[in-house]
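Q: What follows is a structure written as structure tokens; I'll ask about it next.
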Amino acid sequence: MSDQQAPEQHGVVADGAGDVAAHSQAVGARFWVATAVGWIVIAIGLRGIVQHRIDTRPGELARFVIGGALIHDLILAPLVLLVGLAVARLVGGRLRTPVQVGAVISATVALFAYPVVRAFGLATNNPTSLPHDYATNLAIVLVAVWLAVGVSVIVTRIRRT
């Protein structure tokens with residue numbers, strides 16, 4: 001078969017150009033539908049924030065969202081890259097994967113818990129809005145994660161011997 005001939009599929013010669021065009025149109029249509037739905041959901045959320053401004057505190061929410069984006073881009077992303085590089089260089093062999101898993105889980109849990117540890121949702125007129133000691137609970141979860149990493153390393157070493 002020469003380079004200029006199209007492959008046969010089930011006895012029919014397919015050129016592939018029509019398939020690619022149809023696929024591009026389908027993907028394009030799905031993209032625009034999803035985009036429209038996404039903007040509608042965003043508009044509904046913004047409407048709710050404004051309508052319930054006593055509870056949502058739009059100024060504080062905007063500061064939190066914008067601050068979160070800046071903290072992510074300027075601090076967290078470079079920190080994750082540096083930690084990843086350090087783990088890759090300092091931790092070798094079979095220990096690398098458990099340490100990476102522990103670091104990813106720890107970072108995810110800490111990032112998720114950050115707003116409640118800092119009491120961003122605390123309402124002075126509702127003492128039950130944040131009823132727990134979230135910093136202690138975060139520490140307990142992180143200890144549990146690293147204990148699991150340690151157990152994983154120990155079990156892996158025992159199995160290998």
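Read-outs: derived from the displayed coordinates by stated rules, not from any lab. Note that the structure is predicted; figures quoted are calculated from it, not measured. All Cβ positions, glycine included, derive from the backbone under ideal geometry; neighbour counts span all protein chains shown.
Q: If you keep only loop residues by DSSP, which trypsin sites (Lys or Arg not before Pro) in region 53-131 have at most 15 other Cβ atoms within 10 Å of their Cβ?
A: Of the trypsin sites (Lys or Arg not before Pro), the ones in loops of region 53-131 whose Cβ has at most 15 other Cβ atoms within 10 Å are Arg118.
Q: Continuing with this model, one more query. Given that compact globular proteins tend to follow 2.2 N^0.38 Å, what is the ratio of the alpha-carbon Rg of the chain to that value?
A: 1.69
Q: Collect residues whose amide H, placed 1.01 Å from N in the peptide plane, falls under 5 Å from the amide H of Leu130; neighbours closer than 5 in sequence don't count.
A: For Leu130, the qualifying residues are Ala123.
Q: Kindly write out, for region 38-51 in residue order, the coupling ³J(HN,Hα) from the Karplus curve 6.51 cos²θ - 1.76 cosθ + 1.60 (θ = phi - 60°), rounded to whole Hz, with x marking Gly and Pro.
A: So the J values, rounded to whole Hz, are x, 5, 5, 5, 4, 4, 4, x, 5, 4, x, 4, 6, 5.
Q: Give the Kirkwood hydrodynamic radius (Å, one decimal) of region 86-161, defined as one over the mean of 1/r across all pairs of different Cα atoms.
A: 14.5 Å
Q: Determine the relative contact order of the chain: mean sequence separation of Cα pairs under 8 Å and six or more apart, normalised by residue count, in whole percent.
A: Here the relative contact order equals 13 percent.
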